[in-house]
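The values are calculated or read from the model by the stated rules, or taken from the named source; none is laboratory data. Keep in mind the model is a prediction, meaning the values are calculated, not measured. Reconstructed Cβ throughout: ideal geometry from the backbone, glycine too, with neighbour counts over all protein chains shown. These accessible areas exclude ligands, DNA and RNA; they are computed on the full protein's heavy atoms, side chains included. Shrake-Rupley method; radii C 1.70, N 1.55, O 1.52, S 1.80 Å.
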Amino acid sequence: MGNAHAFYLVTTPYHILLALAHIEAESQAATIFLFGRFENSNEYLEALTEAQSLLPRLRVCGRAGWGDRGPTRRAVRAEVARMLDEERPEALFVFNDRNEVAQIALAVVARYGGERTCIEDGSAFYTDWVGPPASRWVSWRKRMLMSRSWQPIQVLGTHMLTQRVLALRPESVRPELEGRVEALDVDLLRSPVLRHFSHEVVRRRVGGEESSIPSCPNLLILPPLDVDGRWASSLLQFISVMPAVRTAVKYHPREPSRDPVGLLDHGVEIPRYLAVELLYLLWGRTPEVVIGDGRSTPLLTASMFNPDCDVIGLYSGDRPYHADAFEALGIRFQSTA
């Protein structure tokens, strides 16, 4: 595919969704390269390949389930650099311009004058999260071995070779990105490609038993890992004043107990190993209300997919560091104290 119009370097499930939606919206020929180091990345890569039936000008390639070993990263850096040299895409899209593979890609595309864009990585574009600094030795070594333009940037979207920044909620990005961010104009919940993709991933996750997944509830409860009775009591007090609605509960994927605080007495269970973003795409909408762990990023997912969703974070102890940023996105917080 020597005349690929765009090249997308993705490393997380969220990146995949935004890349597919953007390719669909732009109606462009594109390559998606997945360097998937997350759990079940093989299933996502297989589902991406199936998405080519709806996007015939899409090429999918990459590696999944390879872990984070040094030789693997070196091989991926070399593979991405080679592909970009051969394809010479008109535009490169990365989602984390701190990532060393992304920085190699930025350097290669900059050499021949291609356009370089960083699409939002998720919460890092809205909160005050910063990446760790690098020592002078690490910086020197990476510039010698990888790219002379390597930078240990601490705020995603600020690499010197990044020309454009796209975000779903540009009005709420962190101050460092203000003035250079543009809107990522996609409609995630109404995307036929994303709906097809979510079906493919879920089908692999549940072994073809999609009928076991409840329909979209009015209220979705997302308890924290190691949920305790105080969190549950606060939740029940909160929803006791709500009108009677269809309720579903999705426990944390690593929760070892079937129903540690008795929430399934109040709603049907959703398989805990399914990512919430896949559920929203499968349903074609979000629940009207989502109540979850105030320290968890899935709260942000509901708000990003549907700004009209009423999202509430319950927390104990100190107020979450990201609360102010999330509140700017319409998420409410309440202490369980």
Review point. How long is the gain from Tyr273 to Val206 if the chain were fully straight, where each residue apart is worth 0.36 nm and the alpha carbon distance is subtracted?
Key: 23.2 nm
Check your understanding: Tell me, in nm to one decimal, what length is gained between Arg319 and Val138 on full extension, where the rule is 0.36 nm per residue of separation less the Cα-Cα distance?
Key -> 61.7 nm
**Study point:** Amide H within-cut-off set for Glu269, under 5 Å, with H built and near neighbours excluded
**Key:** Val249
Check your understanding: Going 7 Å from the Cα of Leu54 toward and past its Cβ, which residues in segment 177-199 have a backbone nitrogen under 20 Å from where you end up?
Key -> 184-199
Practice item. Tell me the chymotrypsin sites (Phe, Trp or Tyr not before Pro) within segment 266-315 that lie in a loop according to DSSP and have at most 15 other beta-carbon atoms within 10 Å. Key: Tyr273
Check your understanding: Convex hull over the Cα atoms of segment 274-337, averaged projected area in nm²?
Key -> 4.1
Check your understanding: Accessible area per residue of segment 23-122 at 1.4 Å probe, in Å²?
Key -> 40
**Study point:** Table column - 3J(HN,Hα) (Hz), segment 324-329, Karplus curve with 6.51, -1.76, 1.60, x for Gly and Pro
**Key:** 4, 5, 5, 5, 5, 9
Exercise for review: Report the extension gain between Leu264 and Ser233 in nm, rounded to one decimal, defined as 0.36 nm multiplied by the number of residues separating them, less their alpha carbon distance.
Suggested key: 9.8 nm
Practice item. Please express the shape of segment 71-196 as an equivalent ellipsoid: the semi-axes are the square roots of 5 times the eigenvalues of the C-alpha gyration tensor, given largest first in whole angstrom. Key: 25, 20, 13
Review point. Percent of accessible area on the chain owned by carbon and sulfur, 1.4 Å probe?
Key: 47
Review point. For segment 210-272, what is the accessible area per residue in Å², given a 1.4 Å probe and the full set of protein chains?
Key: 50
Point to revise | Relative contact order (%) - criterion: Cα under 8 Å, at least six apart; region: segment 204-332 | key: 26
Check your understanding: Distance in nm between label sites at Arg285 and Thr158, each 7 Å beyond Cα in the beta-carbon direction?
Key -> 4.1
Revision key, fill the gap. Taking only the alpha-carbon positions of segment 205-274 as identical scatterers, the Debye log10 I(q)/I(0) at q = 0.13 Å⁻¹ comes out as -0.38
Review point. What translational diffusion coefficient, in µm²/s and rounded to a whole number, does the Stokes-Einstein relation yield for segment 1-133 at 4 °C and a viscosity of 1.567 mPa s, taking the hydrodynamic radius as the Kirkwood radius over Cα pairs?
Key: 86
Exercise for review: Take the alpha carbon atoms of segment 136-202, find their center, do the same for segment 213-268, and report the distance between the two centers in whole angstrom.
Suggested key: 33
Revision key, fill the gap. In order over segment 19-32: 3J(HN,Hα) from phi, Karplus 6.51/-1.76/1.60, θ = phi - 60°, whole Hz, x for each Gly or Pro, gives 5, 4, 5, 5, 4, 4, 5, 8, 6, 10, 6, 7, 10, 10
Revision key, fill the gap. Of the residues Pro307, Gln151, Thr162, the Cα lying farthest along the dipole of the chain towards its positive end, which is defined by charges on the beta carbon of Lys, Arg, Asp and Glu, belongs to Gln151
**Study point:** Sequence of Tyr251, Tyr14, Tyr112 when ordered by accessible area, the most exposed leading, probe 1.4 angstrom
**Key:** Tyr112, Tyr14, Tyr251
Exercise for review: Report the convex hull volume per residue for the chain, counting only C-alpha atoms, in Å³.
Suggested key: 139
Check your understanding: Do you know the relative contact order of segment 122-206, to the nearest whole percent, from alpha carbon pairs under 8 angstrom that are 6+ apart?
Key -> 24
**Study point:** Approximate spin-label separation Arg180-Glu255, in nm, with each point projected 7 Å along Cα-to-Cβ
**Key:** 4.1
Practice item. From the P(r) of segment 216-337, can you give the percent of Cα pairs sitting at distances over 26 Å? Key: 11
Check your understanding: Looking at segment 100-139 from every direction and averaging, what is the projected area of its Cα convex hull in nm²?
Key -> 4.0
Practice item. Report ³J(HN,Hα) in whole Hz for each residue of segment 244-249, in order, from the Karplus equation J = 6.51 cos²θ - 1.76 cosθ + 1.60 where θ = phi - 60°; Gly and Pro get x. Key: 4, 9, 6, 10, 10, 10
Point to revise | Ser212, Ser303, reordered so the largest accessible area comes first (probe 1.4 Å) | key: Ser212, Ser303
Revision key, fill the gap. The simple spin-label model distance between Ser149 and Asp226, using points 7 Å out along Cα→Cβ, in nm, is 4.4
Practice item. Can you tell me the relative contact order of the chain? Whole percent, Cα pairs under 8 Å, sequence separation 6 or more. Key: 14
Point to revise | Mean residue ellipticity (222 nm) of the chain, computed from DSSP H runs ≥ 4 via -39,500 (n - 2.57), nearest 500 | key: -10000 deg cm²/dmol
**Study point:** Placed amide H near Thr31: partners under 5 Å, 5+ positions off or other chain
**Key:** Ala6, Phe7, Tyr8, Arg59
Point to revise | Distribution of pairwise C-alpha distances over segment 147-186, 5 Å bins, in % | key: 6, 23, 30, 20, 12, 7, 2
Review point. Under 5 Å between amide H atoms, partner at least 5 residues away or on a different chain: which partners does Gly62 have, H built in plane at 1.01 Å?
Key: Leu34
